[in-house]
1. Determine which member of the set Phe96, Phe57 is within 18 Å of Thr30 (Cβ to Cβ), assigned to a strand (DSSP E or B) and open to solvent by less than 60 Å² (accessible area, probe 1.4 Å).
2. Under the condition of being open to solvent by 10 Å² or more (accessible area, probe 1.4 Å) and hydroxyl-bearing (Ser, Thr, Tyr), which residue from segment 171-189 is nearest to Gly225 (Cα to Cα)?
3. Looking at segment 121-143, can you tell me whether even one residue there is within 22 Å of Leu178 (Cα to Cα) and aromatic (Phe, Trp, Tyr)?
4. Any residue at all in segment 100-120 that is in contact with a Cys (Cβ under 8 Å, 6 or more places away or on another chain), charged (D, E, K, R) and more than 17 Å from Ala166 (Cβ to Cβ)?
5. What residue, among those in segment 60-85 that are open to solvent by 30 Å² or more (accessible area, probe 1.4 Å) and not in a loop (DSSP other than H, G, I, E, B), is nearest to Arg128 (Cα to Cα)?
6. Give segment 103-126 a look and list any residue that's over 14 Å from the mean Cα position of the chain (by Cα), open to solvent by 10 Å² or more (accessible area, probe 1.4 Å) and under 26 Å from Met206 (Cβ atoms), or say none.
7. Within segment 133-161, track down each residue that is within 22 Å of Leu69 (Cβ to Cβ) and outside any helix (DSSP H, G or I).
8. If you go through segment 138-160 one residue at a time, how many are in contact (Cβ under 8 Å) with a residue 60 or more places away in the chain, open to solvent by 10 Å² or more (accessible area, probe 1.4 Å) and within 24 Å of Ala184 (Cα to Cα)?
Amino acid sequence: MIQQFQELIEPDVTLRRHLRGADLAVTDATDIHRHMSRVIAPHAFDLTGIRSRSVDFWHHAIDLDGISLHYVDYQCDAEMANVVIDQPGAGITVKFPLAETTLISTDRTRYCLRPNQFTVLPPGQPYRAMMRGECRHLTLAINGDWLGRYLNSRDLPVRTQSLSFALRAYDVGTDGMLLSGILATLIGGLMRNDRTLHSPGVATHMKELITSAVLGLSPEYQRAGRCEAGAEHVPGYILRAEAYMSDNLDEAILLEDIIRHSGTTRRTLHAGFRRHRGTTPMALLKVMRLKAAKAALEQAAEDAPLVTRVAMTYGFHHLGRFSNEFKAAFGILPSQVRRKPPTH
């Protein structure tokens, strides 16, 4: 399928005439840096071993409002073009080299990408891409806001920040056949001026297909799908609410915060908690905090004056009330929790 990309992209004049979105041709590295930082992500860009300051550079983009596909073409006599993205944001980046080899480096690994291969960089993953001075590639950017909305619409117990992907070169023929086919169809349709692609319904369908194809490579997304299929269904908004509470037990949490992170309405959230958990969100939050306080007391050194500090950490600012609720939940006072002996 990557051959379809190459066949579509080789005739640059035709591509520039038909693709909507950004259409840029520049000859200055500083302009390249500014432009790409604006349209994809803030990044550092430099050329090493360049003999001439002239750089032929083309960028064309297809924007589907939440997903954008970028064709990037560098043509210069530099030995290497270096792109460093330190703050990638909450979205997913997919890179397809169309000519030459690209070296991807992260804080955990480094690997080469060749034509007929691609890589998926998860939300928040900084990376460096090193390419020859003459190179062409496609970058697919899935916006974090769209990604969150898509996951909410699927009602799956998985959050954007929990998604991971194997940091390696995927093979188009075995791992990305569906994805590359969708992207090739999108590019081809726009080049043929297919008016149906400008329909909001079609654009949304294309976004959903692309997002699903990419997320299918994430083990967390796969696992969430299996859980949904094989277990008693608990709505994803409940699981998202519980995950948010669990991750922020030592923070001040309002009901409005839980509603916002659940992705549903106040009425639906309360009804769902009553049905599936037999309680309210704030009542469950208190139970979760009491359990966290008990665990903290159990793990503390035996001689540590900890009760007050633990109570305050988990939002119990009235110590007498904290002691009463703790005893009602666990049958003992906080001061009676058996702590681990000091280590020598």
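1. Phe57
2. The selected residue is Thr174.
3. The answer is no; no qualifying residue exists.
4. There is at least one residue in segment 100-120 that is in contact with a Cys (Cβ under 8 Å, 6 or more places away or on another chain), charged (D, E, K, R) and more than 17 Å from Ala166 (Cβ to Cβ).
5. Met80
6. Pro115, Asn116, Gln117
7. Glu134, Cys135, Arg136, His137, Leu138, Thr139, Leu140, Ala141, Ile142, Asn143
8. 4
The values are calculated or read from the model by the stated rules, or taken from the named source; none is laboratory data. Treat the numbers as computed from the prediction; the structure is a model and nothing was measured. Note that each Cβ is placed from the backbone with ideal geometry, even for glycine, and that neighbours are counted across all protein chains shown. Surface areas here come from the heavy atoms of the whole protein model, side chains and all, with no ligands, DNA or RNA. Shrake-Rupley method; radii C 1.70, N 1.55, O 1.52, S 1.80 Å.
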